[in-house]
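*Asks:* The structure's right below; bear with me while I get my questions together.
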Amino acid sequence: MHLDGDLQDLHDLTGGRPYEIQLVCHFMFRRVQSGKDKYMRLSFELLEDVLRELRQSQDEDARPVISAVKSLDRTELTKLNLLLQSAGKIPVQQLIFASVTAIETDDTAREMEQAFERFIELGILSDDRGCARFRGDDFDRIVCKYAARQRKIQLSFEHSPVRAIFAGRILMSLPEMVLAIDAEDEGPLPGFFSVYGQRRSSEEQTHILSVAWSSLKTNGTVIDICRQLPTFVSEIYGHFASNEEELKSGLSLMRIDVLGSGVDFTSYFCRVHNRPNSIDYRAQPQLLEEMRGRAKLLGGSFEFDVRVFEGTTIDELLDLVLLLGDDRILAECAKKHAEQAVDAYINQNDKAVALIHAARAAKGIHAIDDDNASNIGYVFLNCNHLHAAADVLRVVAERTDQHSLAKYNLGIVRLLQSDRETAGRLFEDVLRIERETPFPSIGVLLIPEYSGGELRTIERWGKSLRENAEDEMISLSDAANLAIEVIKKMSTA
């Protein structure tokens, strides 16, 4: 879920915890009732009301953790916030190495270590086998968080994996980039290559990319990425099928290798070249070079390597998919175009674009599911590409005997091709199937009409078993019966 403004602030402030949300909302509403605020909003005055309530509910003075945190200045609170991200899970030495290297703090590693020692002496943190752990309970945590917020410091009590610290810095400083692989255990960071689509862990995906990295030439094309990394083709295709101009512009991949203080990992980032305000980070290496220098001072290393790939066209990429011979990948790509064809035809009323996507989807007709294949056939049919429609719909009709919608549309094709005998058999078959197993969901249908020696078709919305049928809708059985009547009328004309 994405939240804006005060809603996001409320979520960040409370950590999404129901009790704290209710507490803050209660005081926001109370301030509106009393006329102190015109509307419910977060403010420092509100936080003071919340803290006053918390103090009244318990003896704050008897809580040494709260007293110690309140004695800290803003600089010390900033250091405390960084160390709290250990949360008893991340070793402090790793956290300090990551934070200093990723420019999350201007303090030196030694200064952060001294701050950790001081917070232990004050009783705010404890050393739990090298990890920092907050010594207070939930009440202490709430009061400390709200007290710090009054001083414009937002304390976080959630652990932050070191890989995410580096990713956060790069993504924040170079906003045109995204993570190439989204690690499953690091929260909702965006990923260019989907971990979940291939049902592999982020470690497996990273290993696949690492093995192929040396083979990816800097002066290659997106096609070269797909040849070397066929397991990522469906993700690349799925992204660019709706952004063909971006595909033509190409992309860059960046690899970072981080080592030091127990930290050891590799991450990949991606940048699409023609994004608005996109920055070529090869020409602006200051951030990455500074991170490299900081890691070296800490006895570690931060290395980065950039590979630039020229663009290609979606049709060239589709040709490669066909050459790979992987029906699973082909089915995903063809399905994408089938959906775009229907969207262009029905929602955008753009037959030219619909035909382009239908033609691409038809290349994977043997791999695509029956419903999407039937939709492709309908687009061809209604755009008067009868031979293409027949080829697609025949595949569906031969593959399954129960797809009454595909058979109906194929019957319309045959009728328009003057093959009334075949059309009649198909419409009779539709009636038989509909009596046994009615087709569950119908969008639009072409209904034949014959008048004055001329055969024409009109579009009508079809009735669906999942919808409340309206008067102007027509069932598939009624449409088939009308088509049979048209054939009879034509035969006697």
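*Asks:* Here is the link list: Lys335/Lys407; Lys351/Lys489; Lys363/Lys407; Lys248/Lys363; Lys217/Lys248. Which ones come out longer than 23 Å on Cα distance?
*Replies:* In this structure, Lys351/Lys489 exceed 23 Å between Cα atoms.
*Asks:* Calculate what fraction, in whole %, of the accessible area of segment 350-421 sits on carbon and sulfur atoms when a 1.4 Å probe is rolled over the protein chains.
*Replies:* 49 percent
*Asks:* Next up: Mean separation of Cα pairs under 8 Å and 6+ residues apart, divided by the residue count of segment 230-375: what relative contact order is that in percent?
*Replies:* For segment 230-375, the relative contact order is 25 percent.
*Asks:* What net charge is computed for the residues neighbouring Ala358, neighbours being all others with C-beta under 13 Å from the C-beta of Ala358, Lys and Arg scored +1, Asp and Glu -1?
*Replies:* Net of charged neighbours comes to +1.
*Asks:* Could you work out what % of the accessible surface of segment 54-147 is carbon and sulfur, using a 1.4 angstrom probe and leaving DNA, RNA and ligands out of the count?
*Replies:* About 43 percent, which is the carbon plus sulfur part of the accessible surface.
*Asks:* Straight-line reach only, C-alpha to C-alpha below 18 angstrom: list the lysines that Lys89 could link to, leaving out same-chain residues fewer than 8 apart.
*Replies:* In chain and number order, the partners are Lys79.
*Asks:* For segment 352-493, what is the accessible area per residue in Å², given a 1.4 Å probe and the full set of protein chains?
*Replies:* Numbers: 6830 Å² over 142 residues.
Value returned for segment 352-493: 48 Å² of accessible area per residue.
*Asks:* Pulled fully out, how much extra length does the chain show between Gln417 and Ile346, if you take 0.36 nm times their separation in residues and subtract their Cα-Cα distance?
*Replies:* Fully extending the segment from Gln417 to Ile346 adds 23.1 nm.
*Asks:* For segment 61-111, what does the alpha-carbon gyration tensor say about shape, rounded, prolate or oblate, given a ≥ b ≥ c as the root eigenvalues, a/c under 1.5 as rounded, and a/b over b/c as prolate?
*Replies:* oblate
*Asks:* What distance in nm lies between label points placed 7 Å from Cα along the C-beta direction at Leu297 and His26?
*Replies:* Taking the simple label geometry, Leu297 and His26 are separated by 4.8 nm.
The values are calculated or read from the model by the stated rules, or taken from the named source; none is laboratory data. Keep in mind the model is a prediction, meaning the values are calculated, not measured. Ideal geometry is used to build each Cβ from the backbone, glycine not excepted, and the neighbour counts take in all protein chains shown. Accessible surface areas use protein heavy atoms only, side chains included; no ligands, DNA or RNA. Shrake-Rupley method; radii C 1.70, N 1.55, O 1.52, S 1.80 Å.
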